[in-house]
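For reference, the structure is listed below as structure tokens.
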Amino acid sequence: MGLSDNHYNRGLGRDAPKFKLWRSAGLMLTYKCNAACEFCYYHCGPDKGGLMPVETCLAAWRSLRTLAGNEARIHLTGGEPFLYWDHLVEILREGRRQNLGPVDLIETNGFWATEEQLIAGRLSTLAALGMQRLKISVDPFHQEYVDIEPVRALAAAAKRLLGPDRVLVRWEKYLRGEGVSPLDVARASWPCSFVAWASSPGSIGRMPMPQDAGETPTTRKGGTPSPREKMYIEAYRDYPFRFSGRAARQLAQLIIDAGSLMIEKEASDPISIHQSSIINHPCLSGFLGAKGVHIDPYGNVFSGTCSGIILGNINQTPLEEIWENFDPRRSGLVGTLCARGPHGLLEPAQALGYQARPAYADKCHLCTHIRQFLFEHGQDASVLGPRDCYA
């Protein structure tokens, strides 16, 4: 397929920015995860569900090849895809049988890597079924739920068995143990053991959370950041992330407060953004330039990492047709975002009772906060969903 196959692109001048072909797709096998990370874009956690049927996965895979040909890149993610190991293997086997090409990437937080034989066996299976790369999540947020030692064992074995160029660690700094050990902080300050829970591959039910003891991950006492809060702030400074999904809740407010408290903050550090600075920031370039999509277990298609904004559903319309029909000039929530950015959602939301915050961590925080309100008030139901992204 070519750029001119898209309805929007056909009406543009030669030099106008075009809606790019999607060349990658992250297939979210499930929203369920053994972790409930504070910065998760998709609100994944032990209480979430969904499991992408094998045929839905293969249909998305075939459609991406129709769009991008040999440049198509599929990665399997979640949630935590290794919670459903047999299902993951079935998808790879069937994709191989249908000659759909290799899977570029499979993501995991490594919670399952508790025995050397188990690690070697699973890596060998994935390699034999065509997985090109393994991506391992390592950061202060995941390590509140996942013991670092199995993760280190997995990373070492993967580099040895697959080769270091086929293993991505996000991020190596934390794998090496630099900085605060998040799990040690959790042991000291939360009245539950994350290690005992997360180290068992079968533990996929509800994890005991700090809220059960009346605490939240960002509880302040006397205006002074806790050790965990300082750890979050430093993680953001090291590796900035968007404030969408769960990150738009306590974590976004923490970063805003950190800016106002001037905690190790340089004058040039744009850590909190007031409404006036995000009024004229349309999202058109973001939608047009997205290299790919994420597709959730129910078939919902999200542009890039814009969780909870549904562009279509592959159970109703093939992915290539969703791409062909995308037009940012159309009315509706996506059209407003493309034309005016999240600030364009503010006035209609206020008419329904939305109360603007004095500051937002970034424009994604503004967007997510308003969309949460609209979702809870039953607005734009065909675009805002599923509930997993707003719970």
Check: Which whole-Hz ³J(HN,Hα) couplings does the stretch 36-51 yield from phi under the Karplus relation 6.51 cos²θ - 1.76 cosθ + 1.60, θ = phi - 60°, glycine and proline marked x?
Finding: 10, 4, 5, 9, 5, 5, 10, 6, 5, x, x, 7, 7, x, x, 8
Next item on the list: Pull up the cross-link candidates among the lysines for Lys363, meaning alpha carbon to alpha carbon under 24 Å and not fewer than 8 places away within one chain.
Entry: Lys18, Lys20, Lys230, Lys265, Lys291
Notebook entry, point to check: Picking from Ala59, Trp85, Thr114, whose Cα lies most toward the positive end of the charge dipole for the stretch 1-117 (charges on Cβ: Lys, Arg +1; Asp, Glu -1)?
Noted result: Ala59
Next item on the list: List the lysines whose Cα lies under 22 Å from the Cα of Lys159, skipping any in the same chain that are fewer than 8 positions away.
Entry: Lys135, Lys173
Check: Tell me, what is the per residue accessible area of the stretch 57-157 in Å², probe radius 1.4 Å?
Finding: 36
Next item on the list: Calculate the dipole size of the stretch 24-80 relative to its Cα centre from +1 charges on Lys and Arg beta carbons and -1 charges on Asp and Glu beta carbons; express the result in debye to the nearest 20.
Entry: 180
Notebook entry, point to check: Amide H of His43: which non-local residues (sequence gap of 5 or more, or other chain) have their own amide H closer than 5 Å, using H built in the peptide plane?
Noted result: Arg246
Next item on the list: Whole number in Å², please: accessible area per residue of the stretch 270-391, 1.4 Å probe, ligands, DNA and RNA not counted.
Entry: 43
Next item on the list: Give the long-range amide H neighbours of Glu80: residues separated by 5 or more places, or on another chain, with amide H under 5 Å away, using H modelled in the peptide plane at 1.01 Å from N.
Entry: Lys32, Cys33, Asn34
Notebook entry, point to check: Taking amide H positions as placed 1.01 Å from N in the peptide plane, with prolines and chain starts having none, which residues 5 or more places from Met131, or on another chain, fall under 5 Å of its amide H?
Noted result: Val103
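The values are calculated or read from the model by the stated rules, or taken from the named source; none is laboratory data. Note that the structure is predicted; figures quoted are calculated from it, not measured. Neighbour counts run over all protein chains shown; Cβ positions are idealised from the backbone, glycine included. The accessibility values were calculated without ligands, DNA or RNA, using every heavy atom of the protein model including side chains. Shrake-Rupley method; radii C 1.70, N 1.55, O 1.52, S 1.80 Å.
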